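Notes follow the structure.
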């Protein structure tokens, strides 16, 4: 069982020739309203990768709520613990340029009303993987981390968007997944110094005694773990839209781990999922299913254990 505690949004996606700079207005030909939010994206990614998933969060009492949960419902994600709130459903504006790069602004809305007690103790058992991000109040995340760890559930945090993580919460995690910017930000907030992304991920892992996975864009991903360090490459693709690539990686990784995969196997499945998500526009519409992930594993190759001199 995977329990995702996090954000549920509607995304307004706008294609543009180039991403705007400060004070700049750019024109796009159209826009789409599609379901999104890092929590919902990762829940859907895990479900499509074959896991049984419960989504825990808040949506508004508005018409956007139906859009926000439509793909979750269609793909069998359990929504019984997702509750309505008087605040509006969260919304994100996503500009995507011709190279597939994006710029995102999020209006949190009902996501900031999500509380960790929506997750009952009965779900926090050793067979559960709890997945969280950073689009709800941090205090709610840290309370859930403590409760889950105390009851034997395994905990995965995707520190996105980047923010400080208390040392006691960090040490209670099983997995921390960060991108290059997030790795550096988390390390700096912990007082570990100004480091480049690989160094930051390694230092966080060694300091907290947990597995830290840093996604490195076109360079793949690297994992530092008490059980050994690994790196994985990327699919040979031409990206169209990278909007949900990170969420696809997290969801597929969680699904693989929950199914009993070891770290290198989970990294490979996650990397394939992240790459496939870049081949279509939008967030949840781009998330691949288990068959698509398995079909492309042979195009990636196995994860490689890092030699001593690279650790």
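Odds and ends about this structure:
- Helices (runs of 4 or more DSSP H) lying entirely in segment 33-152 (those with 1 or more residues that are farther than 29 Å from residue 237 by Cα and modelled with pLDDT under 95): 63-74
- In segment 150-166, residue surrounded by the fewest Cβ atoms within 10 Å (Cβ to Cβ) [restricted to those that are more than 19 Å from residue 253 (Cα to Cα) and touching a strand residue (DSSP E or B) at 6+ places or on another chain (Cβ under 8 Å)]: 162
- The set of residues in segment 82-96 being surrounded by fewer than 17 Cβ atoms within 10 Å (Cβ to Cβ) and over 11 Å from residue 10 (Cβ atoms) consists of 83, 84, 86.
- Odd one out for residue 272 among (1) assigned to a helix (DSSP H, G or I); (2) at pLDDT below 95; (3) over 14 Å from residue 43 (Cα atoms): (2)
- When 29, 35 are screened for being in contact with a strand residue (DSSP E or B) (Cβ under 8 Å, 6 or more places away or on another chain), free of Cβ contacts under 8 Å to residues at least 40 places away in the same chain and under 22 Å from residue 286 (Cβ atoms), only 29 passes.
The values are calculated or read from the model by the stated rules, or taken from the named source; none is laboratory data. Note that the structure is predicted; figures quoted are calculated from it, not measured. All Cβ positions, even for glycine, are placed from backbone atoms using ideal geometry, and neighbour counts span all protein chains on display.
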